[in-house]
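Here is the structure we will look at, set down as structure tokens.
The values are calculated or read from the model by the stated rules, or taken from the named source; none is laboratory data. Source: prediction; values computed, not measured. Every residue, glycine as well, gets a Cβ built from its backbone with ideal geometry; the counts of neighbours run over all protein chains shown. The accessibility values were calculated without ligands, DNA or RNA, using every heavy atom of the protein model including side chains. Shrake-Rupley method; radii C 1.70, N 1.55, O 1.52, S 1.80 Å.
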Amino acid sequence: MTGPTVLVTDHPWPSTAPEEEILSAVGARLVFAATGEESELAELAAGADAILTCFSQVGAPVVRAAERLQVIGRYGIGVDNIAVDVATSRGILVTNTPSYCTDEVAEHTLALMLALGRRVVAFDRAVRSGDWSLAAGQPVHRLRGQTLGIIGLGEIGAAVARRATALGLEVIAYHPRRPAADLRAAGVEPVSLADLARRADFVSVHVPLTDATERLIDADFLAAMKPTACLINTARGAVVDQDALVGALREDRIAGAAVDVVVGERLPADHPLLELPNAIVTPHVAYYSEESLLDLGRLAAENVAAVLAGTRPPSIVNPQVLALERWSHLAPEA
């Protein structure tokens, strides 16, 4: 009798040796998708007991095609590329890795904030064109004493807050579900979304993409920001209304923006965000370090291995399925 099969839809790193070692310990074998297209994934999922996915879309057709499926493990934090509702309706566990890149995303956020505040990119471009004056980057203001507004004070948002406080910034935060007392305990001032837009010199976005957060940063929010303020997004592209952001930058209604995530994962070469001098774009790399990739593969595989071995995984996105009879055998997390 063969062991369980784990379908790996995609892995944007060269080696899956850590995953293979962890999953082989529970008798599982890995099958790798060649293209990650929906038709291929649906065909391969039909024989899978588990799925590991990073960026590929594991939509409703794929989940419904997987008759034996027990768990879908996300390489990452957000699960907007997975049909979680369909998985839940079929009693399939969905797991993620919420803490694997907290340091990296917080560091990247601060790097983007510093690049905007100190006009690093503008000065670099000017020097390359022969201009060694202050003109390309003026005016630059001291960061200490300015206000950082954080939208979403989860693990990453809190890590950003700690780093920003060390730089002397005042930190305010909006979190729709956490009590104000929790935010104060984290050393930040709780505010409404409207107040955050009005007061912040830098706005940093750290919420997952859901129906409630899609285009949370819209034209009205951008219009409420100071004309000297900057927006930073290292969360999900669709949390920001991209067209509204382009308009605000083009008309200098805000001073700048730095985004690590865009709608559709990548922009066409002629997209205005790539042409605007007050925009910085990085290619969805905030999560990346050599250390975080090792953590990511290990943690995602450990979640799946736990389910296949009959143990409750440490990070479950849809814990309501645990009430079903099919999961009554799960032992508590080891």
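Is it fair to say ASP182 is acidic (Asp, Glu), open to solvent by 70 Å² or more (accessible area, probe 1.4 Å), under 24 Å from the mean Cα position of the chain (by Cα) and farther than 25 Å from ALA286 by Cα?
So ASP182 does not fit the description; no.
Got a sec? Which strands (runs of 3 or more DSSP E) wholly within the range 1-116 have at least 2 residues that are buried (at least 20 other Cβ atoms within 10 Å of the Cβ) and not acidic (Asp, Glu)?
By residue number, 5-8, 50-53, 71-74, 93-95.
Sort out which residues of the range 126-149 are part of a loop (DSSP other than H, G, I, E, B) and either under 33 Å from the mean Cα position of the chain (by Cα) or hydroxyl-bearing (Ser, Thr, Tyr) (or both), and write them in order of number.
Hits for the range 126-149 are SER129, SER133, GLN138, PRO139, VAL140, HIS141, ARG142, LEU143, ARG144, GLY145, GLN146.
Inspect all residues belonging to the range 229-251 and state whether any of them is open to solvent by 40 Å² or more (accessible area, probe 1.4 Å), closer than 18 Å to VAL140 by Cα, among the basic types (Lys, Arg) and more than 15 Å from the chain's Cα centre (by Cα).
no
Can VAL94 be described as under 21 Å from the mean Cα position of the chain (by Cα) and within 24 Å of GLU214 (Cβ to Cβ)?
yes
Residue check: is PHE123 assigned to a helix (DSSP H, G or I), surrounded by fewer than 23 Cβ atoms within 10 Å (Cβ to Cβ) and either in contact (Cβ under 8 Å) with a residue 60 or more places away in the chain or in contact with a Gly (Cβ under 7 Å, 6 or more places away or on another chain) (or both)?
Answer is yes for this residue.
Is there any pair with a first residue in the range 268-292 that is under 24 Å from ARG118 (Cβ atoms) and a second that is among the polar types (S, T, N, Q) and open to solvent by less than 40 Å² (accessible area, probe 1.4 Å) whose Cβ atoms are under 8 Å apart and which are 6 or more apart or on different chains, and what are they?
Listed by first residue and then by second, the contacts come to LEU273/GLN242; ALA286/THR109; ALA286/THR234.
Across the range 140-151, what is the total count of residues that are of a type in the set (S, T, N, Q) and either out of contact with any Phe, Trp or Tyr (no Cβ under 9 Å at 6 or more places or on another chain) or on the phi > 0 side of the Ramachandran plot (or both)?
0
Can you find a residue in the range 161-184 that is among the acidic types (Asp, Glu) and closer than 27 Å to LEU209 by Cβ?
Scanning the range 161-184, I find at least one residue that is among the acidic types (Asp, Glu) and closer than 27 Å to LEU209 by Cβ, so the answer is yes.
Kindly list, by first and then second residue, each pair from a residue in the range 130-141 that is surrounded by 10 or more Cβ atoms within 10 Å (Cβ to Cβ) to a residue that is part of a loop (DSSP other than H, G, I, E, B), limited to pairs with Cβ atoms under 7 Å and residues at least 6 apart or on different chains.
Close Cβ pairs satisfying both conditions: GLY137/ARG119; VAL140/ARG118; VAL140/ARG119.
Of all the residues that make up the range 253-286, how many are open to solvent by less than 50 Å² (accessible area, probe 1.4 Å) and in a helix (DSSP H, G or I)?
Here the count works out to 2.
How about the range 59-85: which of its residues are of a type in the set (Val, Ile, Thr) and under 21 Å from PRO4 (Cβ atoms)?
Selection gives VAL62, VAL63, VAL71, ILE72, ILE82.
Would you check which residues across the range 315-328 are over 18 Å from ARG68 (Cα atoms), open to solvent by 80 Å² or more (accessible area, probe 1.4 Å) and free of Cβ contacts under 8 Å to residues at least 40 places away in the same chain and list them?
Matches in the range 315-328: ALA323 only.
Please enumerate the residues belonging to the range 83-104 that are without any contact (Cβ under 8 Å) to a residue 40 or more places away in the chain and of a type outside the set (Ser, Thr, Tyr).
ALA83, ASP85, VAL86, ARG90
Suppose the filter is of a type outside the set (Val, Ile, Thr) and more than 14 Å from LEU23 (Cβ to Cβ); does LEU299 pass it?
no
So ASN303 passes all but one of these: (1) open to solvent by 30 Å² or more (accessible area, probe 1.4 Å); (2) assigned to a helix (DSSP H, G or I); (3) out of contact with any helix residue (DSSP H, G or I) (no Cβ under 9 Å at 6 or more places or on another chain). Which condition number does it fail?
Looking at each condition in turn, ASN303 falls short on (1).
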